[in-house]
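Undergrad: Before I ask anything, let me first share the structure, which is written out below as C-alpha coordinates.
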Amino acid sequence: LAQAGIVCPSALGGFVRGMSNSSLTPPDDILSQMPALHVEIVRDTHPMQLAALSVGMVLNVLGLVLLNWRKRRDAGREAGIPWASRKYAYWTLILASVSFSYWLDVHFAISPLLVPVKAYVSAFSLGLLDLHFSSTTGVPLKVVAGAALWCSCIYFRWFFINSYFAFVNGNTSPPLRVLLQSDSILVTEFSLAIVGREAFRFVVGLPLVGILSDLIFSPLHRLAHHPRLYHGHHKSHHDYTTKLTALVLYHGALLDDFLMPFTTSVGGALYVILLSLFGLQGEAFSSLQVYLLIFNTLLSHAHDTRCARLLAPLPDDLNFVAYHYVHHLSPTNNYGLTKPSDMFWDRLLGVDTIRKLEDLEEMHGQGGRSKKAR
(Lines give C-alpha, C1' and ligand atoms only; values in the text may rest on other atoms or scores of the structure.)
Protein backbone atom coordinates (compact mmCIF):
# COMPACT_ATOMS: atom_id res chain seq x y z
CA LEU A 1 0.00 0.00 0.00
CA ALA A 2 2.80 2.41 0.89
CA GLN A 3 4.54 1.72 -2.44
CA ALA A 4 1.27 2.47 -4.24
CA GLY A 5 1.05 5.87 -2.58
CA ILE A 6 -1.83 4.89 -0.31
CA VAL A 7 -2.33 5.69 3.34
CA CYS A 8 -4.99 3.45 4.90
CA PRO A 9 -5.63 5.00 8.32
CA SER A 10 -7.91 2.26 9.53
CA ALA A 11 -6.93 -0.68 7.27
CA LEU A 12 -9.69 -2.43 9.07
CA GLY A 13 -8.21 -5.89 9.00
CA GLY A 14 -5.09 -4.85 10.86
CA PHE A 15 -7.07 -2.44 13.00
CA VAL A 16 -9.33 -5.27 14.18
CA ARG A 17 -6.39 -7.48 15.09
CA GLY A 18 -4.80 -4.62 17.00
CA MET A 19 -7.93 -3.79 18.96
CA SER A 20 -7.18 -6.43 21.58
CA ASN A 21 -4.22 -4.32 22.69
CA SER A 22 -6.17 -1.03 22.82
CA SER A 23 -6.77 0.58 26.14
CA LEU A 24 -10.47 0.70 26.91
CA THR A 25 -12.28 3.89 27.84
CA PRO A 26 -15.67 3.98 29.59
CA PRO A 27 -18.44 5.35 27.32
CA ASP A 28 -19.10 8.31 29.62
CA ASP A 29 -15.53 9.50 28.95
CA ILE A 30 -16.03 9.80 25.19
CA LEU A 31 -17.06 13.47 25.22
CA SER A 32 -14.03 14.34 27.34
CA GLN A 33 -11.83 13.05 24.49
CA MET A 34 -13.16 15.56 21.95
CA PRO A 35 -10.67 18.38 22.71
CA ALA A 36 -7.75 16.00 22.30
CA LEU A 37 -9.22 14.74 19.04
CA HIS A 38 -9.50 18.31 17.77
CA VAL A 39 -5.85 18.93 18.59
CA GLU A 40 -4.93 15.74 16.77
CA ILE A 41 -6.82 16.82 13.64
CA VAL A 42 -5.05 20.19 13.51
CA ARG A 43 -1.68 18.58 14.23
CA ASP A 44 -2.07 16.05 11.41
CA THR A 45 -3.29 18.57 8.81
CA HIS A 46 -1.04 20.91 6.84
CA PRO A 47 -1.92 24.64 7.08
CA MET A 48 -2.48 24.69 3.31
CA GLN A 49 -5.29 22.15 3.65
CA LEU A 50 -6.85 24.14 6.52
CA ALA A 51 -6.58 27.36 4.53
CA ALA A 52 -8.22 25.79 1.46
CA LEU A 53 -11.07 24.46 3.62
CA SER A 54 -11.62 27.82 5.31
CA VAL A 55 -11.59 29.77 2.05
CA GLY A 56 -13.91 27.24 0.44
CA MET A 57 -16.45 27.52 3.27
CA VAL A 58 -16.46 31.31 3.11
CA LEU A 59 -16.78 31.39 -0.69
CA ASN A 60 -19.63 28.87 -0.60
CA VAL A 61 -21.68 30.95 1.84
CA LEU A 62 -20.94 34.23 0.03
CA GLY A 63 -21.70 32.61 -3.32
CA LEU A 64 -25.05 31.34 -2.04
CA VAL A 65 -26.01 34.75 -0.67
CA LEU A 66 -25.11 36.51 -3.94
CA LEU A 67 -26.83 33.92 -6.13
CA ASN A 68 -30.00 34.08 -4.02
CA TRP A 69 -30.01 37.86 -4.40
CA ARG A 70 -29.59 37.63 -8.17
CA LYS A 71 -32.23 34.90 -8.51
CA ARG A 72 -34.76 36.93 -6.56
CA ARG A 73 -33.93 40.01 -8.62
CA ASP A 74 -34.41 38.10 -11.88
CA ALA A 75 -37.52 36.24 -10.59
CA GLY A 76 -35.81 32.90 -11.18
CA ARG A 77 -35.18 33.46 -14.88
CA GLU A 78 -33.01 30.74 -16.36
CA ALA A 79 -29.54 31.56 -17.64
CA GLY A 80 -30.59 30.53 -21.16
CA ILE A 81 -27.40 28.55 -21.78
CA PRO A 82 -27.64 25.54 -24.18
CA TRP A 83 -27.40 22.07 -22.62
CA ALA A 84 -24.11 21.28 -24.38
CA SER A 85 -22.45 24.30 -22.73
CA ARG A 86 -23.97 23.54 -19.33
CA LYS A 87 -22.85 19.91 -19.55
CA TYR A 88 -19.25 20.91 -20.20
CA ALA A 89 -19.45 23.47 -17.39
CA TYR A 90 -20.47 20.71 -14.96
CA TRP A 91 -17.72 18.39 -16.11
CA THR A 92 -15.14 21.17 -15.98
CA LEU A 93 -16.10 22.14 -12.43
CA ILE A 94 -16.17 18.55 -11.20
CA LEU A 95 -12.83 17.74 -12.82
CA ALA A 96 -11.21 20.94 -11.51
CA SER A 97 -12.58 20.53 -7.97
CA VAL A 98 -11.74 16.83 -7.62
CA SER A 99 -8.30 17.36 -9.20
CA PHE A 100 -7.54 20.24 -6.83
CA SER A 101 -8.64 18.19 -3.80
CA TYR A 102 -6.53 15.26 -5.03
CA TRP A 103 -3.54 17.57 -5.67
CA LEU A 104 -3.78 18.92 -2.12
CA ASP A 105 -3.83 15.37 -0.71
CA VAL A 106 -0.76 14.43 -2.75
CA HIS A 107 1.29 17.45 -1.64
CA PHE A 108 -0.02 18.33 1.82
CA ALA A 109 -0.92 16.13 4.77
CA ILE A 110 -4.53 15.98 5.93
CA SER A 111 -6.17 14.20 8.82
CA PRO A 112 -8.51 11.47 7.50
CA LEU A 113 -11.13 12.97 9.82
CA LEU A 114 -11.25 16.10 7.64
CA VAL A 115 -11.73 14.32 4.30
CA PRO A 116 -15.57 14.23 4.52
CA VAL A 117 -15.70 17.94 5.37
CA LYS A 118 -13.37 18.71 2.49
CA ALA A 119 -15.54 16.62 0.12
CA TYR A 120 -18.74 18.48 1.03
CA VAL A 121 -17.10 21.90 0.90
CA SER A 122 -15.71 21.11 -2.54
CA ALA A 123 -18.97 19.69 -3.89
CA PHE A 124 -21.06 22.63 -2.66
CA SER A 125 -19.69 24.64 -5.57
CA LEU A 126 -21.51 22.28 -7.94
CA GLY A 127 -24.74 23.17 -6.16
CA LEU A 128 -24.02 26.85 -6.73
CA LEU A 129 -23.39 26.29 -10.43
CA ASP A 130 -26.65 24.36 -10.77
CA LEU A 131 -28.49 27.11 -8.90
CA HIS A 132 -27.13 29.60 -11.44
CA PHE A 133 -28.51 27.48 -14.31
CA SER A 134 -31.87 26.75 -12.63
CA SER A 135 -35.20 28.58 -12.78
CA THR A 136 -35.63 28.73 -9.00
CA THR A 137 -35.68 31.98 -7.04
CA GLY A 138 -32.97 30.73 -4.69
CA VAL A 139 -32.65 28.35 -1.75
CA PRO A 140 -32.56 29.26 1.97
CA LEU A 141 -29.26 29.48 3.82
CA LYS A 142 -30.29 26.51 5.96
CA VAL A 143 -29.04 24.25 3.16
CA VAL A 144 -25.58 24.92 4.65
CA ALA A 145 -26.74 23.26 7.89
CA GLY A 146 -28.34 20.51 5.83
CA ALA A 147 -25.02 19.85 4.08
CA ALA A 148 -23.32 19.64 7.49
CA LEU A 149 -25.87 17.06 8.63
CA TRP A 150 -25.28 15.01 5.48
CA CYS A 151 -21.55 15.22 6.12
CA SER A 152 -21.96 14.06 9.74
CA CYS A 153 -23.46 10.80 8.54
CA ILE A 154 -20.11 9.68 7.16
CA TYR A 155 -18.75 9.81 10.71
CA PHE A 156 -21.70 7.73 11.85
CA ARG A 157 -20.73 5.14 9.23
CA TRP A 158 -17.23 5.01 10.63
CA PHE A 159 -18.65 4.72 14.14
CA PHE A 160 -20.90 1.80 13.12
CA ILE A 161 -18.14 -0.06 11.33
CA ASN A 162 -15.53 0.34 14.04
CA SER A 163 -18.05 -0.48 16.77
CA TYR A 164 -19.04 -3.63 14.90
CA PHE A 165 -15.48 -4.87 14.51
CA ALA A 166 -14.67 -3.92 18.09
CA PHE A 167 -17.71 -5.88 19.30
CA VAL A 168 -16.75 -8.89 17.20
CA ASN A 169 -13.35 -8.82 18.89
CA GLY A 170 -14.79 -8.51 22.38
CA ASN A 171 -13.99 -4.82 23.00
CA THR A 172 -17.09 -3.00 24.18
CA SER A 173 -15.68 0.47 24.91
CA PRO A 174 -12.77 1.44 22.66
CA PRO A 175 -11.53 5.06 22.79
CA LEU A 176 -13.12 7.70 20.57
CA ARG A 177 -10.09 7.97 18.30
CA VAL A 178 -10.58 4.29 17.46
CA LEU A 179 -14.34 4.55 16.94
CA LEU A 180 -13.76 7.43 14.52
CA GLN A 181 -11.03 5.76 12.52
CA SER A 182 -11.69 6.45 8.84
CA ASP A 183 -12.77 3.47 6.73
CA SER A 184 -11.40 5.16 3.59
CA ILE A 185 -8.03 4.79 1.93
CA LEU A 186 -6.30 8.16 1.73
CA VAL A 187 -4.81 8.40 -1.77
CA THR A 188 -1.58 10.42 -1.59
CA GLU A 189 0.20 9.77 -4.90
CA PHE A 190 -0.76 10.29 -8.51
CA SER A 191 -0.61 7.93 -11.46
CA LEU A 192 -3.00 6.96 -14.24
CA ALA A 193 -3.23 3.46 -12.76
CA ILE A 194 -4.36 4.90 -9.42
CA VAL A 195 -6.94 7.13 -11.10
CA GLY A 196 -8.28 4.17 -13.08
CA ARG A 197 -8.51 2.04 -9.96
CA GLU A 198 -10.39 4.74 -8.07
CA ALA A 199 -12.84 5.20 -10.97
CA PHE A 200 -13.48 1.44 -10.86
CA ARG A 201 -13.99 1.60 -7.09
CA PHE A 202 -16.52 4.41 -7.59
CA VAL A 203 -18.52 2.56 -10.27
CA VAL A 204 -18.59 -0.73 -8.35
CA GLY A 205 -19.46 0.80 -4.98
CA LEU A 206 -22.21 3.13 -6.24
CA PRO A 207 -24.94 0.53 -6.98
CA LEU A 208 -24.00 -1.78 -4.10
CA VAL A 209 -24.13 0.97 -1.48
CA GLY A 210 -27.38 2.19 -3.05
CA ILE A 211 -29.06 -1.23 -2.82
CA LEU A 212 -27.88 -1.85 0.75
CA SER A 213 -28.94 1.64 1.85
CA ASP A 214 -32.34 1.00 0.33
CA LEU A 215 -33.01 -1.73 2.87
CA ILE A 216 -33.83 1.17 5.20
CA PHE A 217 -34.23 4.19 2.90
CA SER A 218 -37.13 2.92 0.80
CA PRO A 219 -39.48 1.96 3.69
CA LEU A 220 -38.47 5.02 5.74
CA HIS A 221 -39.07 7.30 2.77
CA ARG A 222 -42.48 5.74 2.11
CA LEU A 223 -43.33 6.35 5.75
CA ALA A 224 -42.25 10.00 5.41
CA HIS A 225 -44.86 10.36 2.64
CA HIS A 226 -47.69 9.12 4.86
CA PRO A 227 -50.31 11.92 5.09
CA ARG A 228 -49.96 12.16 8.86
CA LEU A 229 -46.21 12.81 8.58
CA TYR A 230 -45.74 14.41 5.17
CA HIS A 231 -47.20 17.90 5.66
CA GLY A 232 -45.44 18.61 8.94
CA HIS A 233 -42.11 17.07 8.03
CA HIS A 234 -41.07 15.83 4.58
CA LYS A 235 -43.13 18.26 2.51
CA SER A 236 -40.54 21.04 2.78
CA HIS A 237 -38.08 18.84 0.88
CA HIS A 238 -40.58 18.75 -2.01
CA ASP A 239 -41.18 22.48 -2.18
CA TYR A 240 -39.08 22.52 -5.36
CA THR A 241 -40.68 19.57 -7.17
CA THR A 242 -41.26 21.46 -10.42
CA LYS A 243 -38.18 23.70 -10.21
CA LEU A 244 -35.34 21.62 -8.85
CA THR A 245 -31.78 22.65 -8.16
CA ALA A 246 -28.96 20.56 -6.71
CA LEU A 247 -28.88 22.20 -3.27
CA VAL A 248 -32.47 21.04 -2.70
CA LEU A 249 -30.77 17.81 -1.62
CA TYR A 250 -29.95 19.64 1.61
CA HIS A 251 -33.30 21.44 1.88
CA GLY A 252 -35.78 19.99 4.32
CA ALA A 253 -36.65 19.69 7.97
CA LEU A 254 -33.40 19.22 9.88
CA LEU A 255 -34.53 15.78 11.06
CA ASP A 256 -35.16 14.90 7.42
CA ASP A 257 -31.70 16.14 6.48
CA PHE A 258 -30.30 13.70 9.00
CA LEU A 259 -32.52 10.62 8.65
CA MET A 260 -32.24 10.27 4.87
CA PRO A 261 -28.41 10.37 4.63
CA PHE A 262 -28.29 8.30 7.83
CA THR A 263 -29.66 5.38 5.82
CA THR A 264 -26.68 5.66 3.47
CA SER A 265 -24.41 5.41 6.51
CA VAL A 266 -26.03 2.09 7.33
CA GLY A 267 -25.75 0.99 3.70
CA GLY A 268 -22.09 1.96 3.58
CA ALA A 269 -21.40 0.09 6.82
CA LEU A 270 -23.15 -3.01 5.47
CA TYR A 271 -21.06 -2.70 2.29
CA VAL A 272 -17.83 -2.74 4.33
CA ILE A 273 -19.05 -5.67 6.42
CA LEU A 274 -20.01 -7.54 3.24
CA LEU A 275 -16.54 -7.01 1.78
CA SER A 276 -15.00 -8.14 5.07
CA LEU A 277 -16.34 -11.63 4.35
CA PHE A 278 -13.79 -11.74 1.51
CA GLY A 279 -11.03 -9.91 3.38
CA LEU A 280 -11.58 -6.75 1.32
CA GLN A 281 -12.99 -4.45 3.99
CA GLY A 282 -10.13 -1.99 3.56
CA GLU A 283 -10.94 -1.61 -0.16
CA ALA A 284 -14.52 -0.33 0.18
CA PHE A 285 -13.89 3.42 0.16
CA SER A 286 -11.14 5.91 -0.66
CA SER A 287 -10.76 9.67 -0.43
CA LEU A 288 -10.90 10.13 -4.21
CA GLN A 289 -14.00 7.94 -4.44
CA VAL A 290 -15.68 9.94 -1.66
CA TYR A 291 -15.07 13.18 -3.57
CA LEU A 292 -16.80 11.69 -6.62
CA LEU A 293 -19.67 10.22 -4.59
CA ILE A 294 -20.58 13.56 -3.02
CA PHE A 295 -20.59 15.33 -6.39
CA ASN A 296 -22.68 12.57 -7.92
CA THR A 297 -25.23 12.64 -5.10
CA LEU A 298 -25.81 16.37 -5.59
CA LEU A 299 -26.77 15.71 -9.21
CA SER A 300 -29.80 13.72 -8.01
CA HIS A 301 -31.63 17.02 -7.45
CA ALA A 302 -30.14 19.11 -10.27
CA HIS A 303 -32.28 21.39 -12.43
CA ASP A 304 -32.06 19.17 -15.53
CA THR A 305 -32.74 15.42 -15.67
CA ARG A 306 -29.74 14.93 -17.96
CA CYS A 307 -27.45 15.89 -15.06
CA ALA A 308 -28.39 12.60 -13.38
CA ARG A 309 -26.34 10.67 -15.93
CA LEU A 310 -23.25 12.89 -16.06
CA LEU A 311 -21.00 10.96 -13.67
CA ALA A 312 -22.27 7.39 -13.29
CA PRO A 313 -21.97 5.07 -16.34
CA LEU A 314 -24.69 2.80 -14.97
CA PRO A 315 -28.25 1.83 -15.99
CA ASP A 316 -30.80 4.24 -14.51
CA ASP A 317 -32.27 1.41 -12.41
CA LEU A 318 -28.97 1.05 -10.53
CA ASN A 319 -27.82 4.68 -10.65
CA PHE A 320 -29.58 6.11 -7.59
CA VAL A 321 -29.08 9.66 -8.93
CA ALA A 322 -31.13 9.00 -12.09
CA TYR A 323 -33.56 6.62 -10.40
CA HIS A 324 -34.39 8.90 -7.47
CA TYR A 325 -34.65 11.94 -9.75
CA VAL A 326 -38.01 10.52 -10.91
CA HIS A 327 -39.33 10.88 -7.36
CA HIS A 328 -38.86 14.64 -7.41
CA LEU A 329 -40.68 14.99 -10.71
CA SER A 330 -43.43 12.65 -9.51
CA PRO A 331 -43.42 12.33 -5.67
CA THR A 332 -45.63 9.22 -5.63
CA ASN A 333 -43.08 7.20 -7.58
CA ASN A 334 -39.61 5.72 -7.04
CA TYR A 335 -39.40 6.06 -3.27
CA GLY A 336 -36.14 4.12 -3.12
CA LEU A 337 -32.65 4.62 -4.47
CA THR A 338 -32.62 1.64 -6.85
CA LYS A 339 -35.21 -0.40 -8.75
CA PRO A 340 -34.38 -3.80 -7.13
CA SER A 341 -35.27 -2.44 -3.68
CA ASP A 342 -38.46 -0.76 -4.83
CA MET A 343 -39.53 -3.95 -6.61
CA PHE A 344 -39.17 -5.82 -3.31
CA TRP A 345 -41.11 -3.27 -1.26
CA ASP A 346 -43.77 -2.78 -3.95
CA ARG A 347 -44.37 -6.51 -4.07
CA LEU A 348 -44.48 -6.73 -0.28
CA LEU A 349 -46.96 -3.83 -0.01
CA GLY A 350 -49.00 -4.76 -3.09
CA VAL A 351 -48.42 -1.49 -4.96
CA ASP A 352 -46.74 -0.34 -8.18
CA THR A 353 -44.73 2.85 -7.76
CA ILE A 354 -41.90 2.43 -10.27
CA ARG A 355 -41.56 4.73 -13.26
CA LYS A 356 -38.78 5.39 -15.75
CA LEU A 357 -37.01 8.71 -16.14
CA GLU A 358 -37.63 8.60 -19.89
CA ASP A 359 -41.39 8.61 -19.30
CA LEU A 360 -41.19 11.87 -17.38
CA GLU A 361 -38.77 13.40 -19.85
CA GLU A 362 -41.39 12.83 -22.57
CA MET A 363 -44.10 14.33 -20.34
CA HIS A 364 -42.13 17.40 -19.22
CA GLY A 365 -39.89 17.81 -22.23
CA GLN A 366 -36.21 16.88 -22.54
CA GLY A 367 -34.31 17.96 -19.48
CA GLY A 368 -37.22 17.50 -17.07
CA ARG A 369 -38.52 21.06 -17.59
CA SER A 370 -41.78 22.04 -19.23
CA LYS A 371 -41.76 22.21 -23.00
CA LYS A 372 -42.87 25.81 -22.76
CA ALA A 373 -39.86 26.69 -20.62
CA ARG A 374 -37.58 24.90 -23.03
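The values are calculated or read from the model by the stated rules, or taken from the named source; none is laboratory data. Model, not experiment: these values are computed from the prediction. The accessibility values were calculated without ligands, DNA or RNA, using every heavy atom of the protein model including side chains. Shrake-Rupley method; radii C 1.70, N 1.55, O 1.52, S 1.80 Å.
Undergrad: I'm a student and want to see the number: the projected area of the Cα convex hull of segment 253-368, averaged over all directions, in nm². Could you put the intermediate results ahead of the total?
TA: Working: hull surface 34.5 nm².
Directional mean of the projected Cα hull area for segment 253-368 stands at 8.6 nm².
Undergrad: Quote the accessible area belonging to Trp83 in square angstrom, nearest 10, computed with a 1.4 Å probe and with ligands, DNA and RNA left uncounted.
TA: Roll a 1.4 Å probe over it and Trp83 shows about 50 Å².
Undergrad: Report ³J(HN,Hα) in whole Hz for each residue of segment 136-147, in order, from the Karplus equation J = 6.51 cos²θ - 1.76 cosθ + 1.60 where θ = phi - 60°; Gly and Pro get x.
TA: Taking θ as phi minus 60°, the curve returns 7, 9, x, 10, x, 5, 5, 5, 5, 5, x, 4 Hz for segment 136-147.
Undergrad: Name the long-range amide H neighbours of Ile185: under 5 Å, sequence gap of 5 or more, or other chain; modelled H, no Pro or chain starts.
TA: The answer is Phe285, Ser286, Ser287.
Undergrad: How much accessible surface area, in Å² rounded to 10, belongs to the heavy atoms of Asp352 with a 1.4 Å probe?
TA: Counting only protein heavy atoms, Asp352 exposes about 130 Å² to solvent.
Undergrad: Moving on to the next point. Whole-Hz ³J(HN,Hα) for each residue in segment 272-281, computed from phi via Karplus 6.51 cos²θ - 1.76 cosθ + 1.60 with θ = phi - 60°, x for glycine and proline: what do you get?
TA: 5, 5, 4, 5, 5, 5, 10, x, 10, 4
Undergrad: Could you work out the relative contact order of segment 75-180, using alpha carbon pairs under 8 angstrom and six or more residues apart, expressed as a whole percent? Don't skip to the end; give the middle numbers.
TA: On the way: 50 pairs, mean separation 38.3, N = 106.
Relative CO of segment 75-180 lands at 36 percent.
Undergrad: Given 0.36 nm per residue, what is the gain on full extension from Leu223 to Val39 after removing their alpha carbon distance, in nm? Spell out each step's value before the answer.
TA: Working: separation 184, 0.36 × 184 = 66.24 nm, distance 4.16 nm.
Full extension from Leu223 to Val39 adds 62.1 nm.
Undergrad: Cα gyration tensor of segment 99-222, axes a ≥ b ≥ c as square roots of the eigenvalues: rounded (a/c below 1.5), prolate (a/b > b/c) or oblate? Please report the intermediate quantities before stating the final value.
TA: Details: a/c = 1.64, a/b = 1.21, b/c = 1.35.
Because a/c hits 1.5 or more and a/b fails to exceed b/c, segment 99-222 counts as oblate.
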